[in-house]
Structures are given as structure tokens and as C-alpha cells.
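A quick write-up on the structure given underneath.
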Amino acid sequence: MIFVEVCVGSSCHLKGAPDIVELLQKSIAEGGLENEIVLTGSFCTGRCNRVGVTVTVGDEVHTGVTKENYREFWEGTVLPALRASQEG
Ligand code: FES
């Protein structure tokens, strides 16, 4: 099980954090991963970027997540982190 924390700070909010939360909820539901991925919010991690939203996956902070690169983020970051956690 991993924690995915979407920054709810004002800067990330303006850059589309609610959209990213929605996309993550959809991916989690589609994959039946409700028991594997815990989606929460985080306070500003001080990594506000010029572009996109800050999302912490496990203990790694990822910046610049947008609707456009979301697919890549999900497949390239979230799913591998989940697999790594399952391998223990
Ligand atoms: S508002 Fe999200 S990292 Fe600062």
C-alpha cells in the first residue's frame, strides 16, 4: 500500500490540483486499487513549481504534474511505486 498526497496549497490549487485529484480517483477506481493506494492531501511542500501540481508518492516528491502529463505520471511513477511496495 502506498500513500499519494496531492498538494492542496494555494499555488498548486491554482495550477489544477483538483483536476489531478479527480484523475487519480478515476485511475484508482478503474484499477480497483482502493485498498492499495491511499489518496490524501498534503500541505505546501515548498516545491511550488512554475507548472503543474506537486504530488508526493510514498516519500518521493514529484513536481509539475499536469492533466497533460498525468498518464505518464500514473504509469511511470505511481504504478511502479505501488509495485515496488508490493514486492516489499
Ligand atoms: S502549493 Fe503545492 S508545493 Fe507549494
Residue hits (segment 5-39; away from the ligand (no atom under 14 Å from the Cβ) and β-branched (V, I, T)) are I28, I37, V38
What number goes with the only condition from (1) at positive phi; (2) out of contact with any strand residue (DSSP E or B) (no Cβ under 7 Å at 6 or more places or on another chain); (3) not hydroxyl-bearing (S, T, Y) that G16 does not pass?
(2)
Mind listing whichever residues of segment 25-48 are over 14 Å from Y70 (Cβ atoms) and of a type in the set (D, E)?
E34, E36
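Rule-based calculations on the coordinates, nothing more; no lab input. Note that this is a predicted model, so its numbers are computed, not measured. Cβ coordinates were reconstructed from backbone atoms using ideal geometry, including for glycine residues, and neighbour counts include every protein chain displayed.
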